[in-house]
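To start, the structure itself, in structure tokens.
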């Protein structure tokens, strides 16, 4: 290990934490339908290569057993057959990274998009890592869809380069995001960004600020829509370790309400909600969902889902009013660790997890380099869309 960067450190920790995670047998078909407007089809692959390398402190959809290419196509075909009599307007077809040809071979991707181009759906969405988005592949998908709208949902998580690299461990820059947005638009597709609420090491207030800023900055960059995820604590992740050791609190759904209240109505209309509550997903394991302080937690979830389906701004007013009355309760949840400045919080958390997971000898040898790199990253990116801390 020649350079103990935050990325290399977190990769090593994540790989160690994922050791012993049992592989799962993917189902033959997996889909979820929400009325006549939206359905999501998940098909199996041999797993996300970013996950295998140890990237992403929050994500874990498990490691499937070996999947044959024909099994990928068959999973989509079975789901389309099941949806054929009630095909929604928007159909999301996803694995982990559709445009990564080491995960979904090009010929399999073409076969899947050929099937999608024969459905009655009006819009097709898929998911991809920004580094896998290339113009020729996007244009090929657009052509195979025969006039249907095509959108690519990318796991950007935060527009803050420090947060994305040192807290979430996704190593691409805002400049790369801008390039990918242009690639989508120039190739005939729309660009959607996943935005994570509840990145590790951020306080609840910082997390709200970072999420709001990410949506505003992303819109300025040309991102067409946003998918807002409150983080769930998933097993075999860095976040799960931090949570078990008192260094991470799951986000509150009142934070999500604060984000919706903190952006302009026009921009709010471009934000879709996801994972508001736990749901079954192949390989995801049982995680810890966002908290909901106060009475009527089920009503809070129902209201958020109602808004996401209807886009009726009036539905939100009850939540906005309740959030004001809950503010003092939420503020009292701040932990002593969150009183430190963000870079201090990050390096403190790194040392705790480094010594516990990699060992004192490893940290004594590499910890200073990890800390120095982290603080340099902070100085490099602070002030460029940083949380106000």
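Observations on the model:
- Share, in percent, of DSSP beta bridges within the chain that are antiparallel, nearest 5: 15 percent
- Sorted on the mean count of surrounding Cβ atoms within 10 Å across their residues, most packed first, peptides 197-206, 8-17, 85-94 read 197-206, 8-17, 85-94.
- Taking only the C-alpha atoms of the chain, Rg followed by Dmax gives 20.6, 62 Å.
- Full-extension gain in nm, residue 28 to residue 291, via 0.36 nm per residue minus C-alpha separation: 91.4 nm
- In terms of other Cβ atoms within 10 Å, 49, 379, 249 run from fewest to most in the order 379, 49, 249.
- Solvent-free Debye scattering, log10 I(q)/I(0), computed from the Cα coordinates of the range 186-326 at q = 0.10, 0.20 Å⁻¹: -0.34, -1.30
- Three principal axis extents of the range 340-384 based on alpha-carbon atoms, in descending order, are 35, 19, 12 Å.
- Helical content alone sets the calculated 222 nm signal of the chain at -14000 deg cm²/dmol, taking -39,500 (n - 2.57) per DSSP H segment of four or more residues and averaging over every residue.
- Between residue 149 and residue 318, the FRET efficiency from the beta-carbon distance, with R0 = 41 Å, is close to 0.80.
- Residues in the range 136-176 reached by a label modelled at residue 375 [backbone nitrogen below 19 Å; 7 Å Cα→Cβ]: 162-163, 166-167
Where a number appears in this text, it was derived from the coordinates with a stated rule and is not lab data. Owing to the predicted nature of the structure, the values given are computational and were not obtained by experimental measurement. Methodologically, a virtual Cβ is constructed for each residue, glycine included, from the backbone with ideal geometry; neighbour enumeration extends over all protein chains shown.
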